Amino acid sequence: MHPDLTSTVLLGYVHSRRQHRWIDAHRLYNLRADVRAGSLAPDAAELHTDYILLYGRALPSPELWTRRPDLARLEGEALASLGYEAPLGTAYHVVGLGERLAVSWEGSAHKRLRGLSRWLSRQGPSGQPVATAWALAAEALKG
């Protein structure tokens, strides 16, 4: 199963191996929901995509996941109680990961996704989650 070109995808940056282990163990991806730079409103497109594409140097290669329909808002303490180490914020949106799709990428896929993320977020913080059409993400992954 692969997304069709009109499917929406969240480009989610994974900043550390520790965060990746937590994501993998809990099948959750957290996004800022407080007043810090890069925080998202509850109706933000990033919280309602069809797929989640995780990327970053902490991963051997990008990972494409289906998105479960569940969405929660958790305080930092609640995220910590789920084993997330030392959350820096006071509130987070948490989206559920469904099935990890078997796909492979060649070359410097992380660098190309980071470039796409920066372009889409314009002046947003580095690594800020962004939503896009699968067509743009797929093109970036091709190199």
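Quick rundown of the values:
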| quantity | calculated |
| --- | --- |
| Residue in the range 63-81 that is in contact (Cβ under 8 Å) with a residue 40 or more places away in the chain, surrounded by 14 or more Cβ atoms within 10 Å (Cβ to Cβ) and assigned to a loop (DSSP other than H, G, I, E, B) present | no |
| Any hit, the range 11-34, residues being at pLDDT below 90 and among the β-branched types (Val, Ile, Thr) | no |
| Considering residues of the range 1-24 that are assigned to a loop (DSSP other than H, G, I, E, B) and of a type in the set (Ser, Thr, Tyr) only, the residue nearest to residue 69 (Cα to Cα) | 7 |
| Qualifying residue in the range 93-113 (condition: without any contact (Cβ under 8 Å) to a residue 40 or more places away in the chain, part of a helix (DSSP H, G or I) and farther than 16 Å from residue 52 by Cβ) | yes |
| Condition check for residue 37: exposed (fewer than 13 other Cβ atoms within 10 Å of the Cβ) and part of a helix (DSSP H, G or I) | no |
| Filtered residue count, the range 122-141, keeping only those that are at pLDDT below 80 and either surrounded by fewer than 17 Cβ atoms within 10 Å (Cβ to Cβ) or outside any loop (DSSP other than H, G, I, E, B) (or both) | 5 |
| Filtered residue count, the range 1-32, keeping only those that are touching a helix residue (DSSP H, G or I) at 6+ places or on another chain (Cβ under 9 Å) and either under 18 Å from residue 79 (Cβ atoms) or surrounded by 13 or more Cβ atoms within 10 Å (Cβ to Cβ) (or both) | 13 |
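Yes/no matrix, rows are residues, columns are (1) closer than 19 Å to residue 85 by Cα; (2) aliphatic (A, V, I, L, M):
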site: 10; (1), (2): no, yes
site: 15; (1), (2): yes, no
site: 23; (1), (2): yes, yes
site: 41; (1), (2): no, yes
site: 50; (1), (2): no, no
site: 53; (1), (2): no, yes
site: 56; (1), (2): yes, no
site: 62; (1), (2): no, no
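The values are calculated or read from the model by the stated rules, or taken from the named source; none is laboratory data. None of the values given here were measured: they were computed from a predicted structure. Note that each Cβ is placed from the backbone with ideal geometry, even for glycine, and that neighbours are counted across all protein chains shown.
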